[in-house]
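Below is one structure; the comments refer to it alone.
Each value in this text was obtained by applying a stated rule to the coordinates, not by laboratory testing. All of these numbers come straight from a predicted model, not from anything done at the bench. Every residue, glycine among them, receives a Cβ derived from its backbone with ideal geometry; neighbour counts consider all protein chains shown.
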Amino acid sequence: MEVIKSLKDLRAVRGAYQGITGLVPTMGYLHKGHTSLVEISRQHCEHTIVSLFVNPTQFGEGEDYESYPRDTERDLAICDAAGVDVVFAPPVEAVYMPDASVTVVESALSREMCGVSRPHHFGGVCTVVAKLFNMVQPDIAVFGQKDAQQLAIIRRMVRDLNFPVKVMAGPIIREADGLAMSSRNAYLSDEERQRALSLSKGLFAVMSRYAAGDRHAATLRGTMQEALDQAGVEAEYIDIRDANNLHAIEDLITGPTLVAVAATVGRTRLIDNIVLGTRLGHEPEDVA
Ligand code: AMP
């Protein structure tokens, strides 16, 4: 496995690749959610590149950019064991010019859900992913369904800006007790971690109600709310949306539906979701 820090070195290695090349963008502090995406890339690509980059432009004022967990040595060992060919781990100066003045902004899907409390977050995400696509020039890029809104926005960016990249998605990988894996789970105390379980518990309860035939957005939302209330967790949002275009569903669920929740437990902001009425989210989704 090669570890590359400069764009020049990346271009040299990438230029020599003939076969299909996959990119898994990450912010490091890797867990099994990340390695599951590496696995998907390896299944579809001859070469797999993982980027490790804590992207400053997607953090807002007062958010956790400085304290975001970092452990490069451990990440490299995980990538090596997962069969990654190249880790691209550039310093911030190699990614952003000090006077950079061009960004990528998605202006519809980014305004809702997480975009309400994090108005500049998805602009930072789109900009860094566009830059990574241009730097790495992958044929395929693999993202997690864990960040469902991010996935929808990246697909929109790829569509609207004609990036020659196929976006694939991997399902949410969870701890044995249901908690969605996240680098930020490292912030949780034992007591907070117990309360954090209310997100996945609520989503699973919603899934059971749906399986039992309930198609009403309001009662499904109520089921989720109840699980959070029981744990004393306040939701930032509980949203029920069309899984493809993220349009809000107020009444009856008909097609593939995203149930997404965001909540802060202690000082840790957590997100989780399920997709009802489709296998999307349970299998890598292949989108042309
Ligand atoms: P991050 O390092 O948190 O920016 O995440 C990098 C990629 O891993 C994103 O595409 C995430 O959606 C994905 N990811 C993070 N957590 C999980 C998880 N528990 N299951 C599947 N994918 C995940």
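Considering (1) within 19 Å of Val129 (Cα to Cα); (2) more than 16 Å from the ligand (Cβ to nearest atom); (3) touching a helix residue (DSSP H, G or I) at 6+ places or on another chain (Cβ under 8 Å), the lone condition that Val3 does not fulfil carries the number (1). Of Val104, Val129, all but one fail to be part of a loop (DSSP other than H, G, I, E, B) and touching a residue at least 40 places away in the same chain (Cβ under 8 Å); the exception is Val104. For the residues Ile140, Ile153, Ile172, the requirement of being within 14 Å of the ligand (Cβ to nearest atom) and over 18 Å from Ala262 (Cα atoms) singles out Ile140.
Here's the yes/no breakdown for (1) touching a residue at least 12 places away in the same chain (Cβ under 8 Å); (2) within 29 Å of Asp139 (Cα to Cα):
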{"position": "Met168", "(1), (2)": "yes, yes"}
{"position": "Asn185", "(1), (2)": "yes, no"}
{"position": "Glu191", "(1), (2)": "no, no"}
{"position": "Arg209", "(1), (2)": "yes, no"}
{"position": "Gly232", "(1), (2)": "yes, no"}
{"position": "Leu252", "(1), (2)": "yes, no"}
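Region 1-96 holds strands (runs of 3 or more DSSP E) entirely within its bounds, and those carrying 3 or more residues that are among the aliphatic types (A, V, I, L, M) map to 47-52.
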